[in-house]
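Heads up: the structure comes next, in structure tokens.
Just so you know, all these numbers are worked out from the coordinates, no wet-lab data involved. Given the structure is predicted, the values throughout are model-derived calculations rather than measurements. Heads up, the Cβs are rebuilt from the backbone with ideal geometry, glycines too, and the neighbour counts pull from every protein chain shown.
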Amino acid sequence: MSFDKASVPKARVIVVGNEKGGSGKSTVAMHISVALLKLGHRVATLDLDTRQKSFTAYVENRRTWSGRVNRALPMPEHFTIEHGSEADEAAGCTALADKIDALAETYDTIVIDTPGRDGSLARLAHSMADTLVTPLNDSFVDFDLLGTVDPETFAVSGINHYAQMVDDVRTQRRMIDSNTIDWIVLRNRLSMTSTRNKRLVGQALTQLSQMLDFRCVDGFAERMIFREFFPRGLTALDDLNEATLGTRPTMSHVTARQEVAALVNAMALTAAKGAAGEAPPMQARDAA
């Protein structure tokens, strides 16, 4: 299913997409949502993964933790799209298009977390994106989602299925409203030391970015705190104090916040028009 010009939403649509599980899509989607909320945006979030529902669980954990510690945490308005079996996605596509049209009348930004698999629902979401963020674990196993490399030189030798799908929907989008989808590939779970693999993957992504016109941004390092955030629904942008975190903050919290800042800057997230948006706290001094 595709969409026509009349149904292009008024709100900015940010899609977090990758057909491979375990790349950190829900973590990235939550951090983007909280960053926007702190900038004064009215944010709606959508979880299209009706099986895993990791994004939904993240939001619900945040709401529960906020009540438990009696701390107000910025919360998006969260929704899911139920469509039954994978074979019956047509109804889900109609529901998604209708939901985004409705949400665009009320919210400034809609953040969508997609399933870790191909399907008409995920493709429709990609085609409606203004910004597409693809978290990618920093390895050639995950790089294979985008392209192939020569086993001897590690030079890019071809384009693989997910990258081809994104290229197709970007072409479709340009034909409909003359706009292009801003595609950001986020290198996730980066090693904190310089390694040969890190260098080779980086070189391959740079080469592929020139072929496919995406921007490559260093994302989140392999830090345990990102995994610890999930049960409490927290992000690196929340107040770095013991009352909010439930534990004393460490330098890992501060460094994680700086990594999120790089993503916020790459996406050019700014205060909502007419809103006194609070700049997402990024500086190390905030942890004092």
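Size check on the stretch 5-287: the Cα extents along the three principal axes, sorted descending, read 51, 48, 37 Å. Once the Cβ-Cβ distance of Arg117 and Arg248 is raised to the sixth power relative to R0 = 41 Å, the FRET efficiency obtained is 0.55. Among Leu186, Leu212, the order by Cβ neighbours within 10 angstrom, fewest to most, reads Leu212, Leu186. Dipole of the chain computed with +1 at Lys/Arg Cβ and -1 at Asp/Glu Cβ about the Cα centre; of Ser33, Ser139, Phe154, farthest Cα towards the positive end is Ser33. Note on the stretch 11-69 and the stretch 184-207: Cα centroid distance 25 Å, given to the nearest whole angstrom. Of the DSSP H helices in the chain, not one has a Cα length along its own long axis of 27 Å or more together with a mean Kyte-Doolittle hydropathy reaching -0.5.
Given a Förster radius of 25 Å and the C-beta distance between Ala155 and Asp218 as r, what FRET efficiency does 1/(1 + (r/R0)^6) yield to the nearest 0.05? Rounded to the nearest 0.05, the efficiency is 0.70.
What is the magnitude of the charge dipole of the stretch 130-285 about its Cα centre, with +1 placed on the Cβ of each Lys and Arg, -1 on the Cβ of each Asp and Glu, and no other charges, expressed in debye to the nearest 20? Each step should come with its number before you reach the end.
On the way: 16 positive and 19 negative charges, 75 e Å.
With Lys and Arg at +1 and Asp and Glu at -1, about 360 debye.
Which number comes out as Rg/Rh for the stretch 103-153 once both Rg and the Kirkwood Rh are worked out on C-alpha atoms? Checking Rg against Rh, the ratio lands at 1.11.
With neighbours defined as other Cβ atoms within 10 Å of a residue's Cβ, the residues Trp183, Trp65 order from fewest to most as Trp65, Trp183.
Using Cβ point charges alone (K and R +1, D and E -1), the dipole size of the stretch 5-287 about the Cα centre works out to roughly 780 debye.
Can you spot the lysines whose alpha carbon is less than 19 Å from Lys38's alpha carbon? Ignore those fewer than 8 places along the same chain. Within reach: Lys273.
Among Cys216, Cys93, the ranking by other beta carbons within 10 Å of each residue's beta carbon, starting with the fewest, stands as Cys216, Cys93. Between Ala268 and Ser178, the modelled labels are 1.8 nm apart [label points 7 Å from Cα along Cα→Cβ]. Computed over the chain, the per-residue total of -39500 (n - 2.57) for DSSP H runs of n ≥ 4 gives a 222 nm mean residue ellipticity of -12500 deg cm²/dmol, rounded to 500. Of all lysines in the structure, those lying under 19 Å Cα to Cα from Lys25, and not within fewer than 8 positions of it along the same chain, are Lys53.
Using R₀ = 25 Å, calculate the FRET efficiency as 1/(1 + (r/R₀)^6) where r is the Cβ-Cβ separation of Gln258 and Glu60; round to 0.05. E between Gln258 and Glu60, to the nearest 0.05, is 0.35. Taking each residue as 0.36 nm, the span from Arg68 to Ser139 lengthens on full extension beyond its C-alpha to C-alpha distance by 21.7 nm.
Let me have the relative contact order for the chain, percent, based on Cα pairs under 8 Å that are six or more residues apart.
Details: 527 pairs, mean separation 70.8, N = 288.
This gives 25 percent for the chain.
If you wrap the stretch 106-259 in the convex hull of its Cα atoms and look at it from every side, the mean projected area works out to 11.4 nm².
For the pair Met211 and Thr106, the difference between a 0.36 nm per residue extended length and the Cα-Cα distance amounts to 34.1 nm.
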